[in-house]
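Here's the structure, in structure tokens; my notes come after.
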Amino acid sequence: MGEATIVDHLVRALSVVMIFVMPPLGVAMVVGLVVSILQAATQVQDQTLPLTIKFVAVVATLAMFGAVLAAPLLQFADQILSDFPGLTR
């Protein structure tokens with residue numbers, strides 16, 4: 001197994017992880033911004049409020065889009081595991 005193969009697999013793995021992570025991260029950023037603006041406007045200084053709301057939003061995002069987001073991850077893992085004997089020779 002050459003260096004180019006390892007780099008190719010690492011680049012593909014990172015791109016698959018980025019596809020999986022970006023929607024929940026985007027939702028967490030938007031919800032955090034909205035909650036912080038509301039906290040600043042109402043002067044509520046509760047520190048657990050943004051974490052709780054972001055947690056619920058990320059869990060809801062993963063529940064709604066988890067199967068769609070996990071499909072490329074599972075496909076890549078299946079390909080790596082099927083190619084593993086040939087890669088380790």
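Structure values in brief
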{"quantity": "Note, ³J(HN,Hα) from phi for region 26-42, Karplus 6.51, -1.76, 1.60, rounded to Hz, x at Gly and Pro", "calculated": "x, 5, 5, 5, 5, 5, x, 5, 5, 5, 5, 5, 5, 5, 5, 6, 9"}
{"quantity": "Electrostatic dipole magnitude of the chain [Cβ: Lys, Arg +1; Asp, Glu -1; Cα centre; debye, to 20]", "calculated": "120 debye"}
{"quantity": "Estimated vicinal HN-Hα couplings, Hz - region 11-24 in sequence order (Karplus 6.51, -1.76, 1.60; Gly, Pro = x)", "calculated": "5, 5, 5, 5, 5, 5, 5, 5, 4, 6, 8, 4, x, x"}
{"quantity": "Arg12 paired with Met64, simple spin-label distance in nm, labels 7 Å along Cα-to-beta-carbon", "calculated": "3.1 nm"}
{"quantity": "Rule-of-thumb Rg ratio for the chain [Cα; 2.2 N^0.38 Å; N residues]", "calculated": "1.58"}
{"quantity": "Potential lengthening between Val56 and Thr5 on full extension [0.36 nm per residue; Cα-Cα distance subtracted]", "calculated": "14.4 nm"}
{"quantity": "Pair Ser82, Asp46: separation of 7 Å Cα→Cβ label points (nm)", "calculated": "5.0 nm"}
{"quantity": "Most fluctuating residue given options Ala40, Ala13, Ala60, as computed from a GNM of the chain linking Cα atoms under 10 Å", "calculated": "Ala40"}
{"quantity": "Over region 3-87, relative contact order from alpha-carbon pairs under 8 Å, at least 6 apart, %", "calculated": "41 percent"}
{"quantity": "Cβ-based exposure ranking for Arg12, Arg89, in which fewest neighbours within 10 Å come first", "calculated": "Arg89, Arg12"}
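Quick note: the coordinates plus some simple rules give every number you see, no bench work behind them. Keep in mind it's a predicted model, so treat the numbers as computed, not measured. Every residue, glycine among them, receives a Cβ derived from its backbone with ideal geometry; neighbour counts consider all protein chains shown.
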